[in-house]
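Down below is the structure, laid out as structure tokens.
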Amino acid sequence: MTNESEVRTDLAKKLRMASIPDRMWDALVALSEDDVRDALNIGGRAIEDLVPVAKGLRPLMDVVEGTPTRKRKEKASLEEYNFQPSGDVEKRARALGEYEALRATLRPELTRFRKEILQNSLLTEAEAFRLVRSEAARRFSHEWFEDWDVPLRDHESEFRNNFFVWRGDKAYEREYIFVDPPGRAFRVKAPDPYMFFDDLPSMSFVPDVRKRRVRWKKELTHRVTTISPGSVLDDLRLASIELEKYVAPDWDAGQAAWFILTGKPPVPFALFGEAGAATFQGKDGDLYKKGTITLEVEPWVPAETVAKAYRDLQLGVLEENPRSVGPRNLEVFTFVLRSRRERLVSAQVEGRIPHKLLWRELMQEWNKANPQEAYTEYKIFNRDYYRAARKILDPGTDFEGLLTVPEPTKMLGI
């Protein structure tokens with residue numbers, strides 16, 4: 001048995017506070033009455049359960065006491081998340097980008113495209129965006145632009161409509177693309193629809209290759225453009241693929257294309273990160289989720305930079321700061337699962353259906369094995385199990401189903 005003064009003193013040490021104010025203590029009692037009761041009855045590890053709640057109360061107590069607090073920055077969603085290099089990391093990445101830019105400039109595929117297509121005149125970023133989004137550049141060759149006197153860098157084009165021409169029992173798709181200048185619609189043969197998803201060339205362009213470093217999903221930072229063989233963008237695609245062979249893995253084909261058009265070297269990805277969750281389905285239809293965070297980092301990136309990127313991605317997946325599991329809750333969780341497994345094995349060996357799991361019986365087993373940390377109420381024992389389960393297992397995991405009585409057919413292998 002521990003008195004209130006001892007609990008408050010121990011809790012203050014864990015929070016690195018001089019003492020626990022009366023208002024904070026009253027709030028703890030109101031919010032976590034069971035935890036406070038356990039701390040007074042058991043002490044020791046039970047006090048650790050009060051730490052997360054007390055930490056959450058500190059900003060509120062600062063407001064009540066009139067202590068100014070820093071305004072917390074709102075967390076951006078993963079879809080908006082950017083990692084911006086700074087300081088030495090940015091300087092080193094940009095230096096590497098300049099090195100790769102020099103290597104790329106020496107390549108004949110880059111020289112040919114800039115000479116034949118761009119007339120040795122680089123595009124501004126606005127002109128480059130307009131070109132890669134041009135319906136005409138996706139479909140027509142450079143020779144077509146010259147024949148119709150259409151300026152490559154300063155024209156407008158849009159898709160008007162499509163129709164089908166029948167020859168015998170086979171249909172061929174045609175499209176009308178409006179181009180200005182000269183201010184008229186042109187008919188063009190559309191690619192074979194049966195080959196559309198398999199063989200039609202495509203190209204991915206990164207809208208801003210100089211800023212984005214950590215991406216939630218790759219498709220969110222790329223504009224995928226479908227292009228016709230022999231078109232201006234198909235020439236760019238082929239040149240970029242060849243160039244990528246000499247600057248990979250620091251640049252991808254989209255970044256190489258951007259450099260060919262604008263002459264602005266992309267900053268290589270010093271740190272690339274992805275976060276997601278994979279779902280697996282068992283034979284019985286049960287769903288299992290596995291959360292993942294993947295980081296690909298240049299070895300010279302400082303550890304604290306990597307840690308920050310990981311924390312941001314982790315926060316995006318969990319949607320809250322990860323909270324540590326109290327040692328006692330963790331031990332209870334492990335004890336319950338082990339007891340459940342042993343009961344199942346025993347029932348399988350004896351060819352019977354295990355009886356329903358009773359928390360009162362589990363608590364008695366725990367008290368017998370852990371007399372120094374005995375529980376007096378099975379509801380508190382049950383609560384500590386679920387506290388650990390929610391923190392250890394991935395969101396959406398059916399951890400309650402692990403404790404139910406299985407169907408006889410599944411249990412006995414019928």
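The values are calculated or read from the model by the stated rules, or taken from the named source; none is laboratory data. Please read these numbers as outputs of a predicted model, since none were measured by experiment. Don't worry about glycine lacking a Cβ; one is built from the backbone with ideal geometry, like all the others, and counts go over all protein chains shown.
So that you can scan it fast, the table gives a plain yes or no per residue for (1) of a type in the set (S, T, N, Q); (2) buried (at least 17 other Cβ atoms within 10 Å of the Cβ); (3) within 20 Å of residue 267 (Cβ to Cβ); (4) in contact with a helix residue (DSSP H, G or I) (Cβ under 8 Å, 6 or more places away or on another chain):
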residue	(1), (2), (3), (4)
109	no, yes, no, yes
122	no, no, yes, yes
128	no, yes, yes, yes
140	no, yes, no, yes
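List the number of the failed condition for residue 52; all other conditions in (1) closer than 19 Å to residue 388 by Cα; (2) at pLDDT below 80; (3) touching a helix residue (DSSP H, G or I) at 6+ places or on another chain (Cβ under 7 Å); (4) not small (Gly, Ala, Ser) hold.
Condition not satisfied by residue 52: (3).
Has the range 208-226 got any residue that is in the same structural domain as residue 147 (by TED's automatic domain parsing), at pLDDT 65 or above, more than 16 Å from residue 102 (Cα to Cα) and not in a helix (DSSP H, G or I)?
The answer is yes, given that some residue of the range 208-226 is in the same structural domain as residue 147 (by TED's automatic domain parsing), at pLDDT 65 or above, more than 16 Å from residue 102 (Cα to Cα) and not in a helix (DSSP H, G or I).
Could you list, in sequence order, the residues of the range 1-10 that are of a type outside the set (Ser, Thr, Tyr) and either surrounded by fewer than 14 Cβ atoms within 10 Å (Cβ to Cβ) or touching an Asp or Glu at 6+ places or on another chain (Cβ under 9 Å) (or both)?
1, 3, 4 - these are the residues of the range 1-10 that are of a type outside the set (Ser, Thr, Tyr) and either surrounded by fewer than 14 Cβ atoms within 10 Å (Cβ to Cβ) or touching an Asp or Glu at 6+ places or on another chain (Cβ under 9 Å) (or both).
With the condition kept exactly as written, say whether any residue in the range 116-125 is assigned to a helix (DSSP H, G or I) and modelled with pLDDT of 90 or more.
Restricting attention to the range 116-125, the residues satisfying the condition of being assigned to a helix (DSSP H, G or I) are 116, 125.
Next cut, modelled with pLDDT of 90 or more only: 116.
Yes, the range 116-125 contains at least one residue that is assigned to a helix (DSSP H, G or I) and modelled with pLDDT of 90 or more.
Of the conditions (1) assigned to a loop (DSSP other than H, G, I, E, B); (2) at pLDDT below 85; (3) of a type in the set (Lys, Arg), residue 308 satisfies every one except a single condition; which number is it?
Of the numbered conditions (1) assigned to a loop (DSSP other than H, G, I, E, B); (2) at pLDDT below 85; (3) of a type in the set (Lys, Arg), the odd one out for residue 308 is (1).
Residues of the range 177-186 being within 43 Å of the chain's Cα centre (by Cα) and exposed (fewer than 15 other Cβ atoms within 10 Å of the Cβ), which ones?
The one that is within 43 Å of the chain's Cα centre (by Cα) and exposed (fewer than 15 other Cβ atoms within 10 Å of the Cβ): 180.
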